[in-house]
Structures are given as structure tokens and as C-alpha cells.
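Data first, discussion second: the structure below is written as C-alpha cells.
The values are calculated or read from the model by the stated rules, or taken from the named source; none is laboratory data. Worth saying up front: this structure is predicted, and the values here are computed from it rather than measured. Neighbour counts are summed over all protein chains in view; Cβ atoms, including those assigned to glycine, are modelled from backbone coordinates with ideal geometry. Side chains included, ligands, DNA and RNA excluded: accessible areas come from the protein's heavy atoms. Shrake-Rupley method; radii C 1.70, N 1.55, O 1.52, S 1.80 Å.
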Amino acid sequence: PMESSSLEGMDANTVQSYFLYYGKLSNQMNMLQDNVRTTLYYRAITENIRDFANKAVMDVGAGTGILSFFAAMAGARRVYAVEASRMADVAQALCDGNPAIGSRIKVLGRPLERIHLKHNTQAHTPDQQQQQQQQQQQQ
């Protein structure tokens, strides 16, 4: 459900190209097949359960929703998977096909700038999670 209008202040062609690129399953597949990357994200999330347990979490640029699933596995009560490209449909299909975990994930198929939530969410970027994981390994 890609929105055709540009985001405020951004070139419409640039926005469309960005969402078309990430809306292709082949590009998502390349990221998912990066075993080092995916494993680090998995460990960073599932080994820090205290940061996710019973919390509302937002996965911005969710793609297929893999990080959303990891957050739900780590105990998040609700995960908002924000994906403005057509990949939101794939993420929703994966949630529907895996209701034990997917039922806690709400796929929002629009840009972040157009989302208004009632819940407070805590910001954790994948880079912050990787840094936290590396710091724990060094201790």
C-alpha cells in the first residue's frame, strides 16, 4: 500500500524510487539471507528481553517484518510494523500465517509521518541494539 504522494518536503520521485526498491521481494531476500546481519538482530533483541517484555514496540521500515517477529518473540505485547512499501502486504501475510506470534504484530502500511498511535513506544534502532549486544559481549 505505497502512497503515491511525496512526503512533505521531499522529492516525489525520490520517495517513490525508495519505496519501489524496498517493495521488491528480491531486495528483502538479500537482507534476510545476510546471516550475520539477521543473527545479530535476532540476538540483540531476544537476548535483551527486559527491553521488550510487555512493551509496545515500533519497527520502522519493517520490510517483511522479521524484526517485528523477533520483538514479539522477546515478549512485546504489541509490535507496530511500519512499512510504506508494498512489502507491508507480505508482512501482513506472514503475520496471518503465524498467528501465535503474528497476532501481536499490527502492520501499518504507510509512512511513519502519517501514523498516530495512542501507545507510547520506546525508540531502539537496530544499530543501538547491536552496540548494546557488543558491549555485553565485551563485559
**Message:** With θ taken as phi - 60° and the coefficients 6.51, -1.76 and 1.60, list the Karplus ³J(HN,Hα) couplings across segment 87-102 in order, rounded to whole Hz; mark glycine and proline as x.
**Reply:** 5, 4, 5, 5, 4, 5, 4, 5, 5, 5, x, 10, x, 4, 9, x
**Message:** If amide hydrogens are placed 1.01 Å from N in the peptide plane, which non-local residues have theirs closer than 5 Å to the one on Val79?
**Reply:** Val57, Ile105, Lys106
**Prompt:** How far is it, in nm, from the label point at Leu112 to the one at Ala53 when both lie 7 Å from their Cα along the line to the Cβ?
**Reply:** 2.8 nm
**Fill in**
Sorted by accessible surface (1.4 Å probe, heavy atoms of the protein chains only), largest first, Leu67, Leu108 come out as Leu67, Leu108
**Request:** In Å³ and rounded to a whole number, note down the convex hull volume per residue for the Cα atoms of segment 12-114.
**Result:** 94 Å³
**Request:** For segment 12-114, with all protein chains present and a 1.4 Å probe, just round the carbon and sulfur fraction of the accessible area to a whole percent.
**Result:** 54 percent
